[in-house]
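Asks: Here it is, the structure, as structure tokens.
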Amino acid sequence: MANFEVSRIRNIAVVAHGGAGKTSLTEALLFASGSIDRLGSVDSGTSTTDFEPEEIARKITITSSLCFCSWNNHRINLIDTPGFINFIEDTRGCLKAADGAVVIVSAISGVKAETEKIWKYACEYEIPRIVFINKMDKENADFSMAVSEVEKSFDAEAVPLQMPIGAGETFLGIIDLVTMKAITYKSGKAADAAIPSELLIEAQGYRKKLVEKIAESDDALLERYLEGGELTPDEIIKGIKEGSLTRRFIPVACGSAAKNIGIPQLLDTLVLCLPSPAEMVRISPVRGKNPKDGKEVERKVDEKEPFSAYVFKTIADPYAGKLSLFRVYSGTLKADSSVLNSASGTKERIGQVFYLQGKKQVPAQVLGPGEIGVVAKLKDTDTGDTLSDESHPIIFEKVKFAEPIISYAIAPKSKGDEEKVSSGLQRMLEEDPTLRFHRDEETKEMLLSGMGQVHLEVTLERLKRKFGVEVVMKTPKIPYRETIKSPAPRLRAGTKNSPAEGDSMETAG
């Protein structure tokens, strides 16, 4: 695998609410770029990134997956993230490794609460975003409704770069509003065509909005535009990129992931509108702290800088061992080398380094700045740790995950499996920072806490599959305690039930 220049790398998270089509879109991007030769699907359980048995059975993304493709001499690293509310914290953690995001909005259901939550996470990291209006081939698809919801929900101006030709059964392709050309699809093959006459006025209106938004960013362009001059294609392209990177507006694309319509144009859009690691530094500089003195340290995205990387995710594999997924920020990481875990102060031996294509490991000899990779069997490294050059240590700020909201008592189905349950769950806690596990000293129950019932059910399904131990969930016991709330009144001698003379009585108090 050839290394790419930093300017030609894109680290992109694919995000949305559950069911919007994130995994289907990721699959379509891989297929359109030639990275895979067969278009898998969620329904058939053949997608590249939803490969865990629990994901295939439930038809949802449970844990983020990595994959990559090449497009127009650019390396695109994709992170397919969960959208179901129980697993959305995993998306939060993986956004730390991304420089941009493709936010999918369904043309049928519009923006959902989970998408708004993820949008806020992206705002925390100052990540530029583009919106892809998906499912234009479905019944009741409404492009203008989806664009309006984007503006209302995200409080930002949405500027379409494309518009659909038809909707539902009549969805045939898209109109490129930059070139003002139509692209129609038949049997998966694209062809240039004239803009349908009934859509020409609408297309011209969208393009006018696009050009005006670009002209507003530059006084000279605005003056020329107001005087009736036209912007050149190069000026429009430059304006789109600057508008996206500065987040003055949200570029909007559209299509159908399931039918692979509009996907090549989306690849062009994300390469244009989303930043390289070098461009992202201008938006959000790479800063951390020196563990020796606590002073702030900055790193340039340059292979000549000291090595530094952030571990944004951990996968517990009973066969391959612990897999640490990391993003290189500066310097280079070579196979068969040693690095410092700046958080724990321990040295880690790096064996082979890999790229991930779903569950497939692709060997890499060296990873440069901006690249995302994985390494196996690091002994003392967890999610959120920083790896760095021993002579130039740095610690990057960890992602703060939400605390668990629900707890269940668990018990092994077979007697004597308590130790297996405990050791297996400890391994799973390594890969899921939102899980908690402990034994209640009063009730003597093992308690597992997480982000929801489905979260815990999936955790126990994976515990059975990976570590061969079954447990049952039940409502936790509540330890009740008795206490004296107030003193009892002292009875007067001679009254009913009073002690006889000479008897003694203790009073509470």
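What follows is calculated from the coordinates using simple rules that are stated; it is not laboratory data. Model, not experiment: these values are computed from the prediction. Cβ atoms come from the backbone with ideal geometry, glycine included; neighbour counts cover every protein chain shown.
Asks: Please list, in chain and number order, the residues 5+ apart from residue 322 or on another chain whose amide H is under 5 Å from its amide H, with Hs placed from the backbone.
Replies: Those lying under 5 Å, H to H, from residue 322 are 317, 377.
Asks: Each label point is 7 Å from the Cα along the Cα-to-Cβ direction; what then is the distance between the points at residue 380 and residue 490, in nm?
Replies: 6.5 nm
Asks: Cβ neighbours within 10 Å, averaged per peptide: list 211-222, 270-281 in order, most packed at the top.
Replies: 270-281, 211-222
Asks: Another question, then. Evaluate E = 1/(1 + (r/R0)^6) for residue 423 and residue 193, where r is the Cβ-Cβ distance and R0 equals 51 Å; express this FRET efficiency to the nearest 0.05.
Replies: With R0 = 51 Å, the Cβ-Cβ based efficiency is 0.25.
Asks: Still on this structure: What are the residues whose amide H is under 5 Å from the amide H of residue 67, where those residues sit 5 or more places off or on another chain and H is modelled from the backbone?
Replies: Residues meeting the amide H criterion: 78, 80, 358.
Asks: Please work out which option in (1) 28.3, 114; (2) 23.9, 83; (3) 23.1, 74 gives Rg and Dmax of the Cα atoms in Å calculated from these coordinates, and answer with its label.
Replies: Calculated Rg and Dmax of the Cα atoms in Å: the matching label is (1).
Asks: Mean separation of Cα pairs under 8 Å and 6+ residues apart, divided by the residue count of the stretch 406-474: what relative contact order is that in percent?
Replies: After rounding, I find 47 percent.
Asks: Taking the alpha-carbon centroid of each part, what is the distance from the stretch 409-474 to the stretch 82-145 in angstrom?
Replies: So the separation of the two Cα centres works out to 31 Å.
Asks: Between the stretch 15-60 and the stretch 302-371, what's the alpha-carbon centroid distance in Å?
Replies: After rounding, the separation between the Cα centres reads 25 Å.
Asks: Okay, moving on. Please compute the length gained on full extension between residue 295 and residue 219, using 0.36 nm multiplied by the number of residues separating them and subtracting their Cα-Cα distance.
Replies: 23.2 nm
Asks: Could you tell me which of 267, 166, 401 has its Cα farthest along the dipole of the chain towards the positive end, charges placed at Cβ (Lys, Arg +1; Asp, Glu -1), taken about the Cα centre?
Replies: Of the candidates, 401 comes out farthest on the positive side.
Asks: Nearest 10 degrees is fine. How inclined is helix 113-124 to the longest principal axis of the chain, computing both from alpha carbons?
Replies: 80 degrees
Asks: Obtain the nm distance between the two label points defined at residue 202 and residue 70 by a simple spin-label model: each point lies 7 Å from its Cα along the Cα-to-C-beta direction.
Replies: The two pseudo-label positions are separated by 3.9 nm.
Asks: Then there is this: In whole Hz and in residue order, list the ³J(HN,Hα) couplings for the stretch 84-101 that follow from phi through the Karplus curve 6.51 cos²θ - 1.76 cosθ + 1.60, θ = phi - 60°; x for Gly and Pro.
Replies: Listing the rounded values in order: 6, 4, 5, 10, 6, 5, 5, 4, 4, x, 6, 4, 4, 8, 9, 9, x, 9 Hz.
Asks: With r as the distance between the Cβ atoms of residue 247 and residue 444 and R0 = 56 Å, compute the FRET efficiency 1/(1 + (r/R0)^6) and round to 0.05.
Replies: 0.55
Asks: Residue 436 to residue 38: extension gain in nm, 0.36 nm per residue of separation minus the Cα-Cα distance?
Replies: Gain on stretching residue 436 to residue 38: 139.3 nm.
Asks: Could you order the peptides 78-84, 244-250, 362-368 from most to least packed, using the average number of other C-beta atoms within 10 Å per residue?
Replies: Top to bottom by mean Cβ count within 10 Å: 78-84, 244-250, 362-368.
Asks: Only helical DSSP H runs with n ≥ 4 go in: add -39500 (n - 2.57) per run for the chain, normalise by residue count and round the 222 nm mean residue ellipticity to 500 deg cm²/dmol.
Replies: Counting only the DSSP helices, I get -8000 deg cm²/dmol.
Asks: Full extension from residue 145 to residue 126: what is 0.36 nm times the residue separation minus their Cα-Cα distance, to one decimal in nm?
Replies: Stretched fully, the residue 145-residue 126 segment lengthens by 4.2 nm.
Asks: Okay, moving on. Over the chain, what is the mean sequence separation of C-alpha contacts under 8 Å (at least six apart), divided by residue count, expressed as relative contact order in percent?
Replies: In percent, rounded to a whole number, it is 13.
Asks: If you don't mind, there's one more thing I want to ask. Points 7 angstrom from Cα along the Cβ direction at residue 153 and residue 179: gap in nanometres?
Replies: Placing both labels 7 Å beyond Cα along the Cβ direction yields 3.1 nm.
Asks: Any idea what angle helix 22-32 forms with the longest principal axis of the chain, computed on alpha-carbon atoms, 0 to 90 degrees, nearest 10?
Replies: 40 degrees
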